[in-house]
1. Name the pairs: first residue in segment 38-62 and within 15 Å of Val112 (Cα to Cα), second residue of a type in the set (Val, Ile, Thr), Cβ to Cβ under 8 Å, at least 6 apart or on different chains?
2. Evaluate segment 49-56: report whether one residue or more is part of a loop (DSSP other than H, G, I, E, B) and at pLDDT 95 or above.
3. Go through (1) at pLDDT below 95; (2) within 12 Å of Tyr98 (Cβ to Cβ); (3) not polar (S, T, N, Q) for Lys64 and report which single condition fails.
4. Output yes when any residue across segment 38-49 is out of contact with any helix residue (DSSP H, G or I) (no Cβ under 7 Å at 6 or more places or on another chain), closer than 30 Å to Leu13 by Cβ and of a type outside the set (D, E, K, R), and no when none is.
5. I'd like the full set of residues that are surrounded by 13 or more Cβ atoms within 10 Å (Cβ to Cβ), out of contact with any helix residue (DSSP H, G or I) (no Cβ under 7 Å at 6 or more places or on another chain) and not aromatic (Phe, Trp, Tyr), limited to segment 68-81.
6. Right, Leu75: under 14 Å from Ala59 (Cβ atoms) and at pLDDT 95 or above or not?
7. In segment 10-58, which residues are farther than 26 Å from Lys69 by Cα, small (Gly, Ala, Ser) and either surrounded by 11 or more Cβ atoms within 10 Å (Cβ to Cβ) or in contact with a Gly (Cβ under 8 Å, 6 or more places away or on another chain) (or both)?
8. Tell me which of these Asn118 doesn't satisfy, since it passes every other one: (1) modelled with pLDDT of 95 or more; (2) in a loop (DSSP other than H, G, I, E, B).
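The values are calculated or read from the model by the stated rules, or taken from the named source; none is laboratory data. Model, not experiment: these values are computed from the prediction. Cβ atoms come from the backbone with ideal geometry, glycine included; neighbour counts cover every protein chain shown.
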Amino acid sequence: MSTQTCLYCKETLKGRSDKKFCNAQCKSAYHNQAESTSEAFIRSVNKQLRANRSALKKACPQGKATVRKDFLKTLGMDFKHLTHTWKSTGGNLYYFCYDYGYTPSVDPEKVVIIQHQNYMQ
């Protein structure tokens, strides 16, 4: 019979042949460690998406606004992270972060921010 060890602390296991952990603490620590490494990237992306939405919301309290890109960056905006895009009937491509979106302005240093509307499906 082979000797089995705890998957977390590597101590020799006693008891059932299919036992994987020596106690509940090792089992919990093992699964928390595995979860934290696999979900770290997702958490960081979600954190940035929330920061982007917050920046867009602060810059656009009335539903539509034109602001400088630098101003959004000071509020924590990262233009690489977005949730979806929407193309208007006029051909403008809007980059959305949840319910707030932006499109490049005529001035390359600025963007036009809008809030999502029901017709934007």
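1. Close Cβ pairs (under 8 Å, with a partner that is of a type in the set (Val, Ile, Thr)) amount to Leu56/Ile113; Ala59/Val67; Ala59/Ile113; Cys60/Val67; Cys60/Ile113; Cys60/Ile114.
2. We begin by selecting, within segment 49-56, every residue part of a loop (DSSP other than H, G, I, E, B); these are none.
No.
3. So the condition that Lys64 fails would be (2).
4. yes
5. We begin by selecting, within segment 68-81, every residue surrounded by 13 or more Cβ atoms within 10 Å (Cβ to Cβ); these are 68-69, 71-72, 75-79, 81.
Keeping just the survivors that are out of contact with any helix residue (DSSP H, G or I) (no Cβ under 7 Å at 6 or more places or on another chain) gives 68-69, 79.
Hits for segment 68-81 are Arg68, Lys69.
6. So Leu75 fits the description; yes.
7. Those that are farther than 26 Å from Lys69 by Cα, small (Gly, Ala, Ser) and either surrounded by 11 or more Cβ atoms within 10 Å (Cβ to Cβ) or in contact with a Gly (Cβ under 8 Å, 6 or more places away or on another chain) (or both): Ser28, Ala29, Ala34.
8. The single condition Asn118 does not satisfy is (1).
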